[in-house]
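One structure below.
The values are calculated or read from the model by the stated rules, or taken from the named source; none is laboratory data. On a predicted model such as this, the values are computed, not experimentally measured, just so you know. All Cβ positions, glycine included, derive from the backbone under ideal geometry; neighbour counts span all protein chains shown.
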Amino acid sequence: MGADPIIYCLEHVTDYEQFERLCDDLMSREGFPDIEPLGGTKDKGRDAIHISRADLNDVTIFAYSVREDWRKKLEQDSHKVRDHGHACKRLMFLCTATYTPTERDEAVSFVQNTFGWRLELYGLERLRVLLANRHRTVTSNHPQIFCAPFFRQEAPAANTAREFVVVDDAEPDAALASWLGRRLTLEGYRVWSRHLSPIAGTSVADVMRDLIRTRAARVISIISPSALDDADVSARRVLAANDNLLLPIITAPVPLERLDRTTAGLAPIDFAPSWATGLGQLLTSLDTAGCPRSKPGADAVALRSFLPTSVISLDPEPLLSNCFPVLTLPAAICEYRAAQPVPEKDRYRAQFKWAFRWLDAQRFVAFTEPPEEFETEHKLQLEEDLAWADCTTIGGIPVEHLLSELIRKSLTVAALRRGLKYCSENRLTYFPKGLFKSNRLSYKRPDGRTSNIKVVGERLFRPGASASTYRYHIAPTFSVQRQAGSSYIVCTRIRVRFTDTQGNLLSSSRVNSRRKHLCKTWWNDDWLARNLAVMQFITSDMASYGGAVVSSAPHRWTVPLRIDEAALHDADASRDEILSFDLTQDGDDDDDAHE
């Protein structure tokens, strides 16, 4: 379905405000000429309303959605309309989701039986039919959704306006080009960039040449060594320069002898000192050139309320990772030999108390001595201490791989000593219920304050007739990487083990939906909190056992820029509404509690 350009664009809508306008435009052509757009946030379930001039009691309410869970959104909006006492005879629900005939009939029946309204449902395919047949000209009115080059006429009119700012780049410069495209869009410019505009089934080179010749007000070309080596990018740069449309951007010095004469004579905008400074110079150049630009607020995308313009501060900021350095390693790896081959079931049991690698059924290598009961039962004798720094392989295993494995197993054993449990079915080491009071694990935040996270909890999934409660357990996993020289780091990842309230594992078909339900509100700071808490707890007594010792503090760096939190003070309040998360059914608050 994504091969159809209309389907492709609707499936990739990110500008909800423009989608509302598209829906209003369609509905005004579908028999509702007096439609009144409401939309935005706090709309009380109404994105638009239509009151018939012939009968004031004939009220139609419109609701729009780009969410995949359209059925849930339909029910939420319907309840809002009724709870706020709005008059309604007909509900028009437009969404970008697909649904089966059975789902369509159920939704129509639900709205009629529950609220007494007639439901008109427009899904992805119904919108496509309207846009492809009855209202073919509508797409050209919404270039933010339906990119003009993608839906362009074969022969543009001679008086076609030059309204696009075209951003051209080579593949290694994609990050800067994508960022520029979004920022210029926020400033009100109509931007075309291969990173932001749909190009499926279309030649990028042909589209960009057509744009430069007929529609481009200015062409921003990012000049880099990669761009100079790209023949297509260079050709487009020359074309734009010859038409006096070129605004060159550099991120590092480039040899002038590799540029054409016209481009070499232009003063480039330098983004090397700072992207923010470069953007300011670029905006000044576009303004001086008189590039078409929307009036402030006229074409503002929904992102503007979430991401204000001035969000970059020149103050340094620390960045924390999920990588924890290995502080110390024993200088030697010990090789032990058993008197007789050790049965597999005994080796399996031993791995929960001893971090080792078995070379064969009688030989074992480890940083530390084996548990006393295992040593006694199988009569283990120390064969030799091997200085691993002087070896390339031990027992046929590369030393680097052997060290990584023993470090990882040392962490697993340390976790089990601290009270975590091992699940043989999904091979996860997890926090059991009741290990801590209220199942909350305390830890130290980077700023020194004490906080806590919940390592075991219960959530209600799908409230209503099919509601069910599941239990989740935090389950850390570890991977070990070698850095320059002989140092190692441990990368932690937080996984989740899901069971019912009786402790029985959920089937794999049910786990994915519960994982999405639980983790959809875990942002970067939430994942960081869990990584810090887990590692502080597990590594607290590793040194007392004489093996590998891992730091409880992650690698951190300092960057010269930071996001201005004051400029984003509304972002936290907005993100739940923007992403349409409904957490009211959860009876378990998983936020950090700070002391």
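With respect to the conditions (1) part of a strand (DSSP E or B); (2) in contact (Cβ under 8 Å) with a residue 40 or more places away in the chain, residue 127 falls short on a single one, namely (1).
Of the residues making up region 424-455, those that are in a loop (DSSP other than H, G, I, E, B) and touching a residue at least 24 places away in the same chain (Cβ under 8 Å) are 425, 426, 431, 432, 433, 445, 446, 449, 455.
Considering 347, 337, which residue is at pLDDT 90 or above, surrounded by 14 or more Cβ atoms within 10 Å (Cβ to Cβ) and touching a Lys or Arg at 6+ places or on another chain (Cβ under 6 Å)? Walk me through it before giving the result.
Working: 347 fails: touching a Lys or Arg at 6+ places or on another chain (Cβ under 6 Å).
337 is the lone residue from the list that is at pLDDT 90 or above, surrounded by 14 or more Cβ atoms within 10 Å (Cβ to Cβ) and touching a Lys or Arg at 6+ places or on another chain (Cβ under 6 Å).
When residue 456 is tested against (1) buried (at least 16 other Cβ atoms within 10 Å of the Cβ); (2) out of contact with any strand residue (DSSP E or B) (no Cβ under 7 Å at 6 or more places or on another chain), just one condition goes unmet, and that condition is (2).
Among the residues of region 466-508, the ones that are closer than 30 Å to residue 329 by Cβ and aromatic (Phe, Trp, Tyr) come to 2 in all. Evaluation of residue 479 against the conditions (1) assigned to a helix (DSSP H, G or I); (2) touching a Cys at 6+ places or on another chain (Cβ under 6 Å) shows that the sole unmet condition is (1). Checking each residue in region 242-266 for being farther than 22 Å from residue 559 by Cβ, of a type in the set (A, V, I, L, M) and modelled with pLDDT under 90 picks out 254, 256, 259, 264, 266. In the set (1) under 30 Å from residue 528 (Cβ atoms); (2) polar (S, T, N, Q); (3) surrounded by fewer than 18 Cβ atoms within 10 Å (Cβ to Cβ), the condition left unmet by residue 376 is number (1). State yes or no: is residue 544 at pLDDT below 90, of a type outside the set (Asp, Glu) and assigned to a helix (DSSP H, G or I)? Taking the combined requirement at face value, the residue satisfies it. Among residues that are touching a Ser or Thr at 6+ places or on another chain (Cβ under 8 Å) and either exposed (fewer than 15 other Cβ atoms within 10 Å of the Cβ) or not assigned by TED's automatic domain parsing to the domain that holds residue 533 (or both), residue 408 is included.
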